[in-house]
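Below you'll find the structure, written out as structure tokens, and then a few comments.
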Amino acid sequence: MRKPLTFPAINWPSADEKGYLMAVVPASHRVDLGVLHRQLNRELGLATDRELVELFKDCEPGALPPLGLAYGIDAILDESLVDAPDIYFEAGDHQSLVHVSGSGFLKLMANAPRGQISHHA
């Protein structure tokens, strides 16, 4: 039996004195801000739509790719994505979908810390 397709979602804790942080979790999950606070020792809330538009001027709202490094933004990867055989995500618009093997995605996210930072919605 084939595993279901994995679509990461991005939850955007807002900036603190260390800057923005991209939390990359499965689309079916929600980030647990309490876990992020404890794991990273950072007091983060969710970024506003206005902040995201300013950060990602080349992307349509709601179609942000989960590649913070490309925008100079730190990221943290949810452990539940580590074993995904395939990852799909929007390429900055609502028409284009990027497919990356799970191992390829992990290479893209190699510098991102990992943790159990979400729960099923």
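The values are calculated or read from the model by the stated rules, or taken from the named source; none is laboratory data. All of these numbers come straight from a predicted model, not from anything done at the bench. Methodologically, a virtual Cβ is constructed for each residue, glycine included, from the backbone with ideal geometry; neighbour enumeration extends over all protein chains shown.
Among the residues of region 17-66, just one is without any contact (Cβ under 8 Å) to a residue 24 or more places away in the chain and in contact with a helix residue (DSSP H, G or I) (Cβ under 8 Å, 6 or more places away or on another chain), namely P61.
Yes or no, residue by residue, for (1) at pLDDT 90 or above; (2) under 27 Å from G104 (Cα atoms); (3) not basic (K, R):
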site: V24; (1), (2), (3): yes, yes, yes
site: K57; (1), (2), (3): yes, yes, no
site: L69; (1), (2), (3): no, yes, yes
site: A75; (1), (2), (3): yes, yes, yes
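For D93, state whether it is in contact with a Lys or Arg (Cβ under 9 Å, 6 or more places away or on another chain) and either surrounded by 15 or more Cβ atoms within 10 Å (Cβ to Cβ) or farther than 28 Å from N41 by Cα (or both). No. Within region 58-102, restricting attention to residues that are over 13 Å from the mean Cα position of the chain (by Cα) and among the hydroxyl-bearing types (S, T, Y), which residue is farthest from H120 (Cα to Cα)? Going through the qualifying residues, I end up with S96. Applying the criterion of at least 2 residues that are among the charged types (D, E, K, R) to the strands (runs of 3 or more DSSP E) found wholly in region 54-121 leaves 74-78, 86-90.
Give region 80-94 a look and list any residue that's of a type in the set (V, I, T) and closer than 12 Å to F7 by Cα, or say none. Selection gives I87 alone.
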